[in-house]
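The structure appears below as structure tokens.
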Amino acid sequence: MNRRDLGKLAAAAGLMGLAPMRWAHAQTRAESLRVLSEAGPNSFDPIGVGVNRSAIQAHWNTYDRLLSFGTQTRPDGTLTFDYYKIEGELAERYEVTDDGKTITLHLRPDATFHDGSPVTAEDVKWSLDRVVNTPVGKSQFSTGSMTSADQFTVVDARTIRITVPRADRFTLPNLAGTYPVIFNSKLAKEHATAADPWAAEWLKTNVAGGGPFKLDTHTPGQSLTLSRFDAWKNGALPGFRRVLWQMVPNAQTRRTSLERGDADIAQDLPPQDAVSMAQEGKVKVVGVPMSGAFQFIGMNNTKAPFDNVKVRQAIAYALPYQQMFDAALFKRGQPLFGGKPNEADGTQFPQPLGYDTDLGKAKALLTEAGFPVGFETTFSFELSLATVAEPVSLLVQESLAKIGIRVTINKVPGGQLGTLLQNKEVPFFFEGSAAYFADPDYFFRIFYNGPTRWNFGSYANPEFQALVEKTRFESDRAAYEADVTRMINLAKQEVPIILLWQPALDTGMQKSVEGYKYLFHRMLELRSLKRA
């Protein structure tokens, strides 16, 4: 099957409502992978405003980064990333000075982009400059002390130097993260304008990379096709030559297609499907606890009535946590409800916030807040999360009605909630995210601080903000843990967002598919997959 045939297959699937289909030839099937997911990418630009999680899967597999996290094997034989081992990817090697303030990276001499042009240090500089010249990228890179383009210096055609004001334990991990993809700068600049100097509009719908896969076709909301870049030099060539990735919103259709053998991988299995499919044994189900991920109830702390801490606490006491956990996740995950109230239980975070269902406390707090008969509000969730978010929303609506809060459910089309959250337009909502790095101060810096989309509660406590800054470079372990403890106390007492649980990432696949690798961003690493 050639690329034209794959394009026809994708188009046919779209016309047929993405109904299950069988592959025609065993030889083709050996070299081709069919992936089904609930939602698709809304952008190919990793630092675009409002990009969704599926966008990561697209750019992660079509672009390179300078560095990558290492690999380790889990007890079940599947692979996962090693946060504490950072290796070269596009950079064949790197050196860090003794003071930790200068990193020199040496590019692979034979690396090329998809159009055959060589990857140079000028491409790397333009790509890193682009990160710090966009609000989303600069916010992330600042966690690694990279905030200005003058920190990236071209030494020669194959060497780039990065300087930071002081040694920072998050600089290298940031270079291995999702944002700093390396663009073919010449190609990208051909589509830049005075109003759009970083070609954001063009890069939203086009790929200018040199990663292990090339983008062949894309029908938004339906499918995309990828082909292996056989000239890729930054690792072992992928095991599949072609990938057909289709968006199938209906969970039952995805399951049926996988079990019939028409598809190879079904991503983000609903918890009830993961349970029953694992029991039936027709296909493999890989379930990985997502230690850095969390799902939560968000409240915009700058909008009334959620600017009142007692309102937030009242809602935290009113939620039917165990019912939501059972109905939405079928207990496949780690609860973040219950636990020690009002004060830290160790320094690991996220941790349970200390709230359990107590309608009496909820009503009393709501009265103290000045809402003895409650109020009306809208609760939003994105349709791409519907399998979990729908039962959560209905239970939130039902439970809050018992304390007088009248909730209207707002179902946001796939790919649009991110933009609304970026603009701080949503008062009350269900969402999920993940901390890429393991340290608790990093979690708070990203999700409880600053003006970004990721500060989901728009939390702005001055004491908390000062502690975020203080812990950034704290070298005294006792002082660091004391400061983290205080931040956890504030997170529990002021509850800017209500943590619910850390879900499991459940992926279904044919028994012939090997090489599955869990990554920190929770999307597929296509390059490691192969057919047994």
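Note on segment 231-253: residues that are crowded, with 19+ Cβ neighbours inside 10 Å and either touching a Gly at 6+ places or on another chain (Cβ under 8 Å) or of a type outside the set (Lys, Arg) (or both) amount to 11. Taken over segment 281-295, the residue count meeting the criterion of being in contact (Cβ under 8 Å) with a residue 24 or more places away in the chain and not in a strand (DSSP E or B) is 4.
The C-beta contact set for segment 57-86 (first residue buried (at least 17 other Cβ atoms within 10 Å of the Cβ), second residue acidic (Asp, Glu), distance under 6 angstrom, 6+ apart or interchain) comprises Asp64/Glu89; Arg65/Glu89; Leu67/Glu89; Ser68/Glu87; Ser68/Glu89; Phe69/Asp82.
Please count how many residues of segment 365-385 are out of contact with any strand residue (DSSP E or B) (no Cβ under 6 Å at 6 or more places or on another chain), of a type outside the set (S, T, N, Q) and in contact (Cβ under 8 Å) with a residue 60 or more places away in the chain.
Step one: filter segment 365-385 for residues out of contact with any strand residue (DSSP E or B) (no Cβ under 6 Å at 6 or more places or on another chain), giving 365-375, 384-385.
Those still in the list that are of a type outside the set (S, T, N, Q) too: 365-366, 368-375, 385.
Keeping just the survivors that are in contact (Cβ under 8 Å) with a residue 60 or more places away in the chain gives 369-371, 375.
So the count comes out to 4.
Counting only residues that are of a type in the set (Val, Ile, Thr) and more than 23 Å from Asp439 (Cα to Cα), segment 124-161 holds 7 of them. Among residues of segment 111-125 that are in a helix (DSSP H, G or I), those with a Cβ under 8 angstrom from a residue that is at pLDDT 95 or above and among the acidic types (Asp, Glu), sequence gap 6+ or separate chain, pair up as Ala121/Asp156.
Applying the criterion of being under 11 Å from Asn184 (Cβ atoms) and among the hydroxyl-bearing types (Ser, Thr, Tyr) to the residues of segment 107-155, the residue that is farthest from the chain's Cα centre (by Cα) is Ser117.
Of the residues Thr357, Thr387, Thr367, the single one that is polar (S, T, N, Q) and over 28 Å from Asn489 (Cβ atoms) is Thr387.
I'd like to check something: does segment 216-230 contain any residue that is over 21 Å from the mean Cα position of the chain (by Cα), within 30 Å of Phe152 (Cα to Cα) and crowded, with 16+ Cβ neighbours inside 10 Å? Yes, there is a match, as at least one residue in segment 216-230 is over 21 Å from the mean Cα position of the chain (by Cα), within 30 Å of Phe152 (Cα to Cα) and crowded, with 16+ Cβ neighbours inside 10 Å.
When Thr205 is tested against (1) among the hydroxyl-bearing types (Ser, Thr, Tyr); (2) surrounded by fewer than 16 Cβ atoms within 10 Å (Cβ to Cβ); (3) more than 28 Å from the chain's Cα centre (by Cα), only condition (3) is not met.
If I ask for residues that are under 26 Å from Ser37 (Cβ atoms) and out of contact with any strand residue (DSSP E or B) (no Cβ under 6 Å at 6 or more places or on another chain), which ones from segment 397-413 would you list? Working first, answer last.
Looking only at segment 397-413, we keep the residues that are under 26 Å from Ser37 (Cβ atoms), and these are 409-413.
Correct list: Lys411, Pro413.
I need a count of the residues in segment 388-425 that are part of a loop (DSSP other than H, G, I, E, B), within 22 Å of Tyr459 (Cβ to Cβ) and either among the charged types (D, E, K, R) or at pLDDT below 95 (or both).
Pass one, segment 388-425, residues part of a loop (DSSP other than H, G, I, E, B): 402-405, 413-416, 423-425.
Still in the running and within 22 Å of Tyr459 (Cβ to Cβ): 405, 423-425.
With either among the charged types (D, E, K, R) or at pLDDT below 95 (or both) added as a condition, the list becomes 423-425.
The qualifying residues number 3.
Here Ala328 meets the list (1) at pLDDT 95 or above; (2) in a helix (DSSP H, G or I); (3) more than 26 Å from Thr485 (Cβ to Cβ); (4) not β-branched (Val, Ile, Thr) almost entirely, failing just condition (1).
The values are calculated or read from the model by the stated rules, or taken from the named source; none is laboratory data. Keep in mind the model is a prediction, meaning the values are calculated, not measured. With ideal geometry, Cβ positions are generated from the backbone for all residues, glycine too; neighbour counts draw on all protein chains shown.
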